[in-house]
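Asker: Sharing a structure here in structure tokens format.
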Amino acid sequence: MEKRLGEVGLEDLYRAGGSTISIKEATHMYQAIAESKASDPDPRRVWKEVVSRRVLKPWHPHHLHQLVYYSVYANWDVSINGPPLYWFPSLDESKITNLGRIMEIHGPKLLGTSYKDPIESFSLFQKFSVQHPETYWSIVLGELSVVFHRSPSCILDNSKKLEPSGAWLPGAVLNIAECCLLPSTHPTKEDNSCALVWREEGRDDLDVNRMTLKELREQVMVVANAVDATFSKGDAIAIDMPMTVSAVVIYLGIILAGCVAVSIADSFAAKEIATRLRVSNAKAIFTQ
């Protein structure tokens, strides 16, 4: 059982810090934590104060970070409050997130004078999204550049008593890979926008690789055209390979061609792979 914040003493901090902190630094840390707790007993605000004061440093042992974090949230009820918060974005940081940008654009119109900013008005905006799904999800679908082959009759249909959770986007037809790959007027979905970031396994000494949306679309089209020329729409095509950039391209290519992607973990033995191919009635398999 984790110690509560008031039970963590100077010796605890010093021991957890190992050789990275002196007794003087441990004392300063202890005083800063005590002052944070005294200013506001709310664990979220205590931890936020600890972070803003930079009490913990990147070079401090992970065990020291854990000791302070879990002691701050020792009485936190996850079932009621959700996971204990670790990181608190600044107002400027919150405004450049996807949700923050949506809130800044639509918040004043939807919430009127009640809207302040993405941080202060987050709970209010979340409540609005639950109470007005048609309005909220229409905005989100537009932001995601979701293009329907056949538009849904509504966002959420709650008319059927046998479906307590309702039916989302009833009647809609779309190809999600197409939505991912189409360029749009959205600032993060232009042809030269970065679509994939990855590093070759075992090559941490090299820079990360990047692929633009245009480059990704061109590679996916090669796969999609090959699948479309060989198989029928709705056919199941398996992928049995590690999560490489090639696997991402192949997955999107299968979906774009109108086929069903069957994901098989590359760690499976031959017998297990055969079982999944048989159950899914896969017509082909991509592997390496």
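Asker: Give just the number: which of (1) out of contact with any helix residue (DSSP H, G or I) (no Cβ under 9 Å at 6 or more places or on another chain); (2) open to solvent by less than 80 Å² (accessible area, probe 1.4 Å); (3) at negative phi does Ser165 not satisfy?
Answerer: Against the list (1) out of contact with any helix residue (DSSP H, G or I) (no Cβ under 9 Å at 6 or more places or on another chain); (2) open to solvent by less than 80 Å² (accessible area, probe 1.4 Å); (3) at negative phi, Ser165 comes up short only on (2).
Asker: Assess whether Pro41 counts as being open to solvent by 40 Å² or more (accessible area, probe 1.4 Å), modelled with pLDDT under 85 and outside any helix (DSSP H, G or I).
Answerer: So Pro41 passes the test.
Asker: Could I ask something else about it? Sort out which residues of region 59-85 are open to solvent by 80 Å² or more (accessible area, probe 1.4 Å), in contact (Cβ under 8 Å) with a residue 60 or more places away in the chain and not in a helix (DSSP H, G or I), and write them in order of number.
Answerer: Within region 59-85, just Asn75 meets the criteria.
Residues checked against (1) without any contact (Cβ under 8 Å) to a residue 12 or more places away in the chain; (2) of a type in the set (D, E, K, R); (3) in contact with a Phe, Trp or Tyr (Cβ under 6 Å, 6 or more places away or on another chain); (4) assigned by the TED database to the domain that holds Thr275:
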{"position": "Asp228", "(1), (2), (3), (4)": "no, yes, no, yes"}
{"position": "Ala236", "(1), (2), (3), (4)": "no, no, no, yes"}
{"position": "Ile239", "(1), (2), (3), (4)": "no, no, yes, yes"}
{"position": "Ile250", "(1), (2), (3), (4)": "no, no, yes, yes"}
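Asker: Name the single residue, out of those in region 87-98 being surrounded by 10 or more Cβ atoms within 10 Å (Cβ to Cβ) and in a loop (DSSP other than H, G, I, E, B), that is nearest to the chain's Cα centre (by Cα).
Answerer: Filtering first and then ranking leaves Thr97.
Asker: Being modelled with pLDDT of 95 or more and open to solvent by 60 Å² or more (accessible area, probe 1.4 Å) is the filter; apply it to region 277-288 and report the residue that is nearest to Asp228 (Cα to Cα).
Answerer: By that ranking, first place goes to Lys283.
Asker: Of the numbered conditions (1) surrounded by 13 or more Cβ atoms within 10 Å (Cβ to Cβ); (2) of a type in the set (A, V, I, L, M, F, W, C); (3) in a loop (DSSP other than H, G, I, E, B); (4) out of contact with any Asp or Glu (no Cβ under 8 Å at 6 or more places or on another chain), Leu111 fails exactly one; give the number of that condition.
Answerer: (3)
Asker: Among the candidates Ala167, Ala195, which residue alone is assigned by the TED database to the domain that holds Val245, touching a strand residue (DSSP E or B) at 6+ places or on another chain (Cβ under 7 Å) and among the small types (Gly, Ala, Ser)?
Answerer: Sole residue among the options that is assigned by the TED database to the domain that holds Val245, touching a strand residue (DSSP E or B) at 6+ places or on another chain (Cβ under 7 Å) and among the small types (Gly, Ala, Ser): Ala195.
Asker: Which residues, taken from region 3-31, are modelled with pLDDT of 85 or more and within 34 Å of the chain's Cα centre (by Cα)?
Answerer: Result: Leu13, Ala16, Gly17, Met29.
Asker: Here is a further query. Looking at region 224-241, can you tell me whether even one residue there is of a type in the set (Gly, Ala, Ser), touching a Lys or Arg at 6+ places or on another chain (Cβ under 9 Å), exposed (fewer than 13 other Cβ atoms within 10 Å of the Cβ) and closer than 25 Å to Val146 by Cα?
Answerer: yes
Asker: Return yes or no: is Glu120 of a type in the set (Asp, Glu), in a helix (DSSP H, G or I) and open to solvent by 30 Å² or more (accessible area, probe 1.4 Å)?
Answerer: Judged against the criteria, Glu120 is not a match.
Asker: Moving on. Of all the residues that make up region 195-223, how many are in contact (Cβ under 8 Å) with a residue 40 or more places away in the chain and not acidic (Asp, Glu)?
Answerer: Result for region 195-223: 3.
The rows are residues; the columns are (1) more than 30 Å from Leu99 (Cβ to Cβ); (2) assigned to a loop (DSSP other than H, G, I, E, B); (3) not aliphatic (A, V, I, L, M).
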position: Ser165; (1), (2), (3): no, yes, yes
position: Pro170; (1), (2), (3): no, yes, yes
position: Leu196; (1), (2), (3): no, no, no
position: Asp205; (1), (2), (3): yes, yes, yes
position: Glu218; (1), (2), (3): yes, no, yes
position: Asn225; (1), (2), (3): yes, no, yes
position: Ile237; (1), (2), (3): yes, no, no
position: Ala247; (1), (2), (3): no, no, no
position: Tyr251; (1), (2), (3): no, no, yes
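Asker: For Gly142, are the conditions met, namely being under 30 Å from Leu252 (Cα atoms) and not in a loop (DSSP other than H, G, I, E, B)?
Answerer: Yes, satisfied.
The values are calculated or read from the model by the stated rules, or taken from the named source; none is laboratory data. The structure displayed is predicted, hence computed values, not measured ones. Here Cβ is always computed from backbone atoms with ideal geometry, including for glycine, and neighbour counts include all displayed protein chains. Just the protein is used for accessible areas: all its heavy atoms, side chains included, with ligands, DNA and RNA removed. Shrake-Rupley method; radii C 1.70, N 1.55, O 1.52, S 1.80 Å.
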